[in-house]
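A quick write-up on the structure given underneath.
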Amino acid sequence: MQTTFDFEKPIADLQTQIEKVLQVQEKTKVDMSATINELETKLAQTKTEIYSNMTGWQKVQMSRHPDRPQTFDYIELICDEFIELHGDRTVKDDKAIIGGLATINGKSIMLIGHQKGKNTKERQYRNFGMANPEGYRKALRLMKMAEKFNVPVVTLIDTMGAYPGLEAEERGQGEAIARNLLEMSVLNVPIICVVIGEGASGGALGIGVGDRVYMLQNTWYSVISPESCSSILYRSWDQKEKAADSLKLTAEDMLQNGLIDGIIEEPVGGAHQDPLATSQNLKTKILADLAVLTQKDKEALVSERIEKFSNMGAINE
């Protein structure tokens, strides 16, 4: 059964009307093409109006759509080959973060990303995409391997945050994320980071330092989720919509504030409506940037990356 959000109800109603008219036409053999064309025109207009004027909270909902493509989906759609690599060589293999060597149009990359899972069993196996310290240490191990063999790094971000459990804190969650920030800032190979779903807090930032940082159109990136922000400020989750607007977490807000380098377009209605088209947009952007970044001098690459992140938050009055 397809998931429909409240703000999409006018679209669902028109689609139902079209289906009913088609059924009547089939049953009665009466030509109703004029009515169908009228409804389809209205449907297209309604989609454009709704999807081009979404609020911050509505984009958060879209980023969480159960059918939205995840890291493994993009691997299948854009990579020629993918060899998954496991473990942090210290504790275990964290299933919330996957990574390995891949090729895109014959170009070798190290691809790392969060994986939430598609059904209840898989979500439990993947810990809902919330990584433990060993997940970030696995990611760092793969990045250092990429650096050793001069292979660019591509990360796909989609997490509600790093796992907040006691065991994770005991094993050094904060240190693991901080170490990744430090090491990624000086890694001497190109890094491209893309938010493909949710980009929450340090859990996202732990694989989010790159020469190019992008967001898909219907994603969000913030220090805290709207629900958690609402519960802190208003002592209730009821103000999550207000919190989402205040956090300025949409791709458009992030680009305007100079925190990302660009927005990758999604099909009308979201990435889940046409995963192939979304993956092609993603692939095109990755290949275009690799062509530029791989030609840069390594010292210049690192210097520009550090300068880019150092300038964030600076305000001139």
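Go ahead and set up a Gaussian network model of the chain, Cα springs under 10 Å, then flag whichever of 33, 108, 185 fluctuates most. Maximum among the listed residues: 33.
When the alpha carbon coordinates of the stretch 57-151 are projected onto the principal axes, the ranges are 41, 34, 24 Å, largest first. Can you give the % of DSSP beta bridges in the stretch 160-317 that are antiparallel, to the nearest 5? Bridges in the stretch 160-317 are about 10 percent antiparallel. Counted by Cβ distance under 15 Å from residue 117, the other residues give a net charge of +2, where Lys and Arg count +1 and Asp and Glu count -1. Qualifying trypsin sites (Lys or Arg not before Pro) in the stretch 75-115, where qualification requires a DSSP coil assignment and no more than 15 other C-beta atoms within 10 Å, comprise 89, 92. When the chain is treated as a Gaussian network with alpha carbon springs shorter than 10 Å, the biggest mean-square fluctuation among 164, 66, 133 belongs to 164. Backbone geometry of the stretch 112-128 corresponds, through the Karplus equation with coefficients 6.51, -1.76 and 1.60 at θ = phi - 60°, to 3J(HN,Hα) couplings of 10, x, 6, 9, 7, x, 9, 10, 4, 5, 6, 5, 5, 5, 8, 6, 6 Hz, x marking Gly and Pro.
Each listed q (0.10, 0.12 Å⁻¹) maps to a log10 I(q)/I(0) for the stretch 71-217, found by the Debye formula over equal Cα scatterers with no solvent: -0.29, -0.42.
Running a GNM on the chain with Cα contacts under 10 Å, which residue among 25, 115, 45 ends up with the highest mean-square fluctuation? Judging by the Gaussian network model, the answer is 25. By the rule of a C-alpha distance below 16 Å, with chain neighbours fewer than 8 residues away ignored, the lysines paired with residue 42 are 9, 20.
Given the alpha-carbon gyration tensor of the stretch 173-289, what are the semi-axes of its equivalent ellipsoid in whole angstrom, ordered largest first, with each equal to the square root of 5 times an eigenvalue?
Result for the stretch 173-289: semi-axes of 25, 21, 11 Å.
Separation of the stretch 56-120 and the stretch 168-206, taken as the distance between their Cα centroids, equals 15 angstrom. Any idea what % of Cα-Cα pairs in the chain are farther than 35 Å? Counting pairs separated by more than 35 Å, the tail of P(r) holds 25 percent. A protection proxy built from the mean count of other Cβ atoms within 10 Å ranks the segments 274-287, 191-204, 235-248, most packed first, as 191-204, 274-287, 235-248. A straight chain from residue 234 to residue 178 at 0.36 nm per residue would run longer than the Cα-Cα distance by 17.2 nm. Each of 190, 50, 62 was scored by the projection of its Cα onto the charge dipole of the chain, and the greatest displacement toward the positive side belongs to 190; charges sit on the C-beta of Lys, Arg, Asp and Glu. Rounded, prolate or oblate: which one fits the stretch 73-120, using the alpha carbon gyration tensor with axes a ≥ b ≥ c (rounded when a/c is under 1.5, else prolate when a/b beats b/c, else oblate)? Since a/c reaches 1.5 but b/c is at least a/b, the shape of the stretch 73-120 is classed as oblate. Share of carbon and sulfur in the accessible area of the stretch 71-226 stands at 55%, probe radius 1.4 Å. The DSSP beta bridges internal to the chain are antiparallel in roughly 40% of cases.
The values are calculated or read from the model by the stated rules, or taken from the named source; none is laboratory data. Bear in mind that the values here come from a model prediction, so they are computed numbers and not experimental data. Backbone-built Cβ (ideal geometry, glycine too); neighbour counts: all protein chains shown. Ligands, DNA and RNA are stripped out before the accessible areas are found, and what is left, the full protein with its side chains, is counted by its heavy atoms. Shrake-Rupley method; radii C 1.70, N 1.55, O 1.52, S 1.80 Å.
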